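Visitor: Structure below; questions to follow.
Coordinate-derived values only; no laboratory data. Small disclaimer: the values here were computed from a predicted structure and weren't measured. Note: ideal-geometry Cβ built from the backbone for every residue, glycine included; neighbour counts use all protein chains shown.
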């Protein structure tokens, strides 16, 4: 699967993207508490990370990505914004360097289609606490668009559900937004 090209990182925080897929809309899929410890997998330049950090003001956001270039920009923004509750983490596919049972909410926004090693989902499960929730929002293979990843790299809603269930998650809700699907699950 192809990864998002860091040369286009500026688009990740653009007003166009925010209007098409508002971070607040994504975040609203799961009820967050100020003390939550959140995983933002595929954090990129912080599209979800910064809004999440404001909500979990007494908790923490692990901003995890496999691309050092993206995290470099995220760290710069964290320094400028003086974010105290964001931990920027470089990972590899199939390995997330966070302790077992550390996280109680996980978000993957437009990341599932980029994952080559699906043991990454096992890693997410490992770091999540009992009854923790996961939310995946991604490009819908059933909707043809000019934007986004190639269709052959996308998942359908049902494929995403099957994948999550295969890795131990229990599906609690699902739906569609225009050219994206969303799935909520729990450990």
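Visitor: If each residue of separation counts as 0.36 nm, what is the full-extension length gain between residue 119 and residue 57 once their alpha-carbon separation is subtracted?
Guide: 19.3 nm
Visitor: In addition: 222 nm [θ] for the chain, helices only, -39500 (n - 2.57) per DSSP H run of 4+, per residue, to 500?
Guide: Only helices count here, giving -8000 deg cm²/dmol.
Visitor: While we're here: Under a 10 Å cutoff between Cα atoms, tell me which one of 162, 123, 80 has the largest fluctuation in the Gaussian network model of the chain.
Guide: Maximum fluctuation in the GNM of the chain, among the listed residues, is at 80.
Visitor: So for the chain: antiparallel DSSP bridges make up what percent, rounded to the nearest 5?
Guide: 40 percent
Visitor: How far apart, in nm, are two points set 7 Å out from the Cα along the Cα-to-Cβ line at residue 129 and at residue 93?
Guide: Placing both labels 7 Å along Cα→Cβ, they lie 3.1 nm apart.
Visitor: Of (1) 183; (2) 152; (3) 106, which is the value of volume of the Cα convex hull per residue in Å³ derived from the coordinates here?
Guide: Computing volume of the Cα convex hull per residue in Å³ and matching it to (1) 183; (2) 152; (3) 106 gives (3).
Visitor: Next question, about the same structure. For the range 33-170, what's the relative contact order in percent, using C-alpha pairs closer than 8 Å and at least 6 residues apart?
Guide: 21 percent
Visitor: Identify which of 60, 76, 141 has the largest mean-square fluctuation in a Gaussian network model of the chain, with springs joining Cα atoms closer than 10 Å.
Guide: Answer for the Gaussian network model of the chain: 76.
Visitor: Also, I was wondering about something else. Given R₀ = 22 Å, what would the calculated FRET efficiency be for residue 176 paired with residue 25, taking r from the Cβ atoms and rounding to 0.05?
Guide: Efficiency computed from Cβ-Cβ geometry: 0.95.
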